[in-house]
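Here's the structure, in structure tokens; my notes come after.
Read-outs: derived from the displayed coordinates by stated rules, not from any lab. Keep in mind the model is a prediction, meaning the values are calculated, not measured. Glycine gets a Cβ as well: all are built from the backbone with ideal geometry, and neighbour counts include every protein chain shown.
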Amino acid sequence: MMNARPLPSYLVQRYHGWRATTHAENKAWYRRLAEEGQRPRAMIISCCDSRIHVTSIFGADEGEFFIHRNIAGLVPPYAPDGDHHGTSAAVEYAVTVLKVANLLVVGHSNCGGVRGCHDMCAGLAPQLEEKTSFIGRWMDLLRPSYERQAGIADESERLRAMEKEAVLVSIENLMTFPFVQAAVEAESLTLHGLWNDIGEGVVECYDPETGRFMPV
Ligand SMILES: [Zn+2]
């Protein structure tokens with residue numbers, strides 16, 4: 001396998017730094033973590049975007065969050081068709097094996113995935129319409145949202161509305177998984193919809209009473 005190369009030096013240096021400090025100072029804790037296995041209380045589904053740092057925002061240590069990331073942090077509907085479903089597999093493991101108590105879907109401002117969906121639907125990104133575009137076909141999940149938000153004249157407001165709606169679409173899709181629905185109905189699992197404003201450092205949570213995202 002000649003395509004797998006040694007690590008670049010900047011990563012080697014950072015790793016040795018971590019091992020000499022954080023790991024060295026918490027050796028017993030890491031060992032216990034390895035031996036006892038993981039018991040995360042929450043699952044987090046968020047965008048791959050490198051600016052989204054849920055462990056920082058919630059001050060979480062290793063072992064606390066079961067995290068799945070994909071383009072725009074979307075959850076597809078339940079589709080037991082024998083195909084490769086990475087997101088659905090992560091949800092199944094979190095809910096049926098780890099039995100997490102809370103499942104957070106985290107959307108964010110300036111999301112490139114949502115922007116891609118918006119531009120594709122507006123006819124500005126024909127490459128995403130190609131059958132071979134994995135991004136385009138993934139973002140089809142959010143296509144109905146473009147139609148619903150098309151009435152918003154200001155583009156940045158429209159994008160923001162789509163970013164927030166993406167979170168709700170994912171929660172709606174989560175409920176199509178029988179094991180998620182069963183856990184929610186048994187009150188052993190709660191679902192939460194969040195949206196993170198990167199620049200302002202604000203996290204908003206969807207409030208079912210008002211039907212709006214409110215600052216936490
Ligand atoms: Zn994103």
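One table, with the values for the structure above:
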| quantity | calculated |
| --- | --- |
| Gaussian network model of the chain, springs between alpha carbon atoms under 10 Å - residue of 197, 81, 119 with greatest fluctuation | 81 |
| In sequence order, calculated HN-Hα J values of region 77-94 (Karplus, 6.51, -1.76, 1.60; Hz; x Gly/Pro) | x, 4, 8, x, 10, x, 8, 8, 10, x, 5, 5, 5, 5, 5, 4, 5, 4 |
| Using alpha-carbon coordinates, inclination of helix 27-36 to the longest axis of the chain, degrees | 70 |
| Cα-based Rg of the chain normalised by 2.2 N^0.38 Å, two decimals | 1.13 |
| Leading residue at positive end of dipole, region 15-168 (Cβ point charges), from 95, 142, 121 | 95 |
| Residues 93, 10 arranged by fewest to most Cβ contacts within 10 Å | 10, 93 |
| Debye intensity ratio in log₁₀ form over the Cα atoms of region 1-117, taken at each q of 0.12 Å⁻¹ | -0.63 |
| Folded to 0 to 90 degrees: helix 9-18 orientation relative to the chain principal axis, Cα | 60 |
| Burial ordering of 120, 1, fewest other beta-carbon atoms within 10 Å first | 1, 120 |
| Peptides ranked, highest mean first, by Cβ atoms within 10 Å: ranges 206-215, 143-152, 162-171, 60-69 | 162-171, 60-69, 143-152, 206-215 |
| Distance between modelled label sites at residue 16 and residue 150, nm, 7 Å Cα→Cβ extension | 5.8 |
| Ranked packing of 128-141, 25-38, 100-113, 43-56, most packed first, by mean Cβ within 10 Å | 100-113, 43-56, 128-141, 25-38 |
| Gained length - residue 62 relative to residue 197, 0.36 nm times residue gap less alpha-carbon distance | 46.2 nm |
| Placed amide H near residue 190: partners under 5 Å, 5+ positions off or other chain | 102, 103 |
